[in-house]
Structures are given as structure tokens and as C-alpha cells.
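What follows is a short report on a single structure.
The values are calculated or read from the model by the stated rules, or taken from the named source; none is laboratory data. All of these numbers come straight from a predicted model, not from anything done at the bench. Please note: Cβ atoms are built from the backbone with ideal geometry, for glycine as well, and neighbour counts cover all protein chains shown.
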Amino acid sequence: MEEHDDHRDEVDRLIAAWKRERPDVDLSPLAILSRITRISRHLDLARRDAFADLDTWGFDVLAALRRAGEPHTLSPSQLMQETMVSSGTMTNRLDRLEELNLITREPDPSDGRGSLVSLTPSGMKKVDIALDQLIKNERTFLTDLNKDEQAMLADLLSRLAANFDIEPEN
């Protein structure tokens with residue numbers, strides 16, 4: 001039996017070639033992380049499609065506001081923490097989203113120097129449509145896994161991702 005008959009995907013082929021050339025190396029990380037990288041590239045394309053004319057960063061900001069619940073308002077510093085970007089980057093993003101009438105900024109009544117960012121009805125509609133399309137697109141990635149397998153994969157990936165999560169400041 002030829003070796004390539006056992007290859008389910010491109011990563012199997014790459015690992016087989018590395019095993020042939022470097023039998024001394026434990027290639028097990030490649031079997032997982034190379035697949036995550038490849039899946040990530042396909043997810044990026046699916047997300048761009050789902051967000052239509054809304055950039056990924058725009059979705060991130062609007063989604064943070066949407067998840068905040070009524071009245072869908074956060075401070076810029078809360079948004080920076082939610083989206084993991086710097087103050088200058090957040091200011092530019094908020095400027096652009098405000099120009100598109102997807103958010104409003106008002107003075108924070110409890111902090112005269114601060115402001116509050118709120119989702120507009122147009123922003124709410126935009127983020128909800130994008131989320132619905134995102135879920136539809138991403139569901140297609142999981143069709144080969146049953147619900148139990150999806151739950152197991154989610155748990156395993158959560159354990160890996162926890163190594164990179166930053167503890168929120170209190």
C-alpha cells in the first residue's frame with residue numbers, strides 16, 4: 001500500500017514528507033497546529049463574506065456593544081479591553097463607525113472627561129445580520145462532526161486558548 005493512500009488532507013501529506021526526511025523529529029504539533037492555521041485561513045474568508053461591507057474590526061466593535069445588552073453602551077476603554085486594541089486604534093475605529101451612523105458617542109454623565117459609545121438602530125441591524133451570516137457560514141465548517149464531537153473539540157480548543165487569554169483587570 002502506498003503511503004499517500006492514507007492521507008486525508010494536505011497536512012497528512014506534509015507530515016509524511018517530513019517523516020521521510022526527518023524521522024528524528026516529533027511532528028505531532030504540526031498535526032494539530034498546521035490544521036488550525038489552515039482552518040483559520042478559510043474562516044477569515046468566510047468571515048469577510050459574512051461581514052459584507054463591514055470590516056472585521058467593525059464587527060468586533062459593534063458585536064461588543066451588542067453583547068453588552070441594553071442599552072448597548074460601553075466606554076471606549078471597555079471597548080479597547082473587549083477588542084484588545086490600543087487607544088489610538090479604538091479612536092480611529094469609533095470615528096469611522098460614527099461616520100457610518102452605526103454608533104453614537106455621548107459624554108459620560110458619571111465622568112466629565114469620558115464618553116460612552118452606543119449602538120444605533122442601524123448598527124444593531126448591521127451587527128445582527130452579520131452575526132446571522134457568520135453563524136451560517138461557520139456551521140458549514142462543522143458538518144462532518146456530530147454534536148458530541150463539536151462539544152469535545154470546543155472543549156479541547158478552549159483549553160488551548162486559555163493559555164493565551166489575558167485575565168481581566170478588576
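Some observations on this one:
- The lone exception for A68 - which of (1) within 27 Å of S122 (Cβ to Cβ); (2) modelled with pLDDT under 95; (3) surrounded by 11 or more Cβ atoms within 10 Å (Cβ to Cβ) it fails: (2)
- Options L131, L160; residue that is farther than 25 Å from I32 by Cβ and among the aliphatic types (A, V, I, L, M): L131
Here is a yes/no grid of residues against (1) surrounded by 12 or more Cβ atoms within 10 Å (Cβ to Cβ); (2) in contact with a His (Cβ under 8 Å, 6 or more places away or on another chain); (3) among the polar types (S, T, N, Q); (4) closer than 30 Å to L97 by Cα:
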{"site": "I15", "(1), (2), (3), (4)": "yes, no, no, no"}
{"site": "W18", "(1), (2), (3), (4)": "yes, no, no, no"}
{"site": "D24", "(1), (2), (3), (4)": "no, no, no, no"}
{"site": "L30", "(1), (2), (3), (4)": "yes, no, no, no"}
{"site": "R35", "(1), (2), (3), (4)": "yes, no, no, no"}
{"site": "R41", "(1), (2), (3), (4)": "no, no, no, yes"}
{"site": "R48", "(1), (2), (3), (4)": "yes, no, no, yes"}
{"site": "L54", "(1), (2), (3), (4)": "yes, no, no, yes"}
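- For R96, the conditions (1) closer than 30 Å to E10 by Cα; (2) surrounded by fewer than 18 Cβ atoms within 10 Å (Cβ to Cβ) are fulfilled apart from (1).
- For segment 116-155, the tally of residues that are part of a loop (DSSP other than H, G, I, E, B) and within 15 Å of L43 (Cα to Cα) stands at 1.
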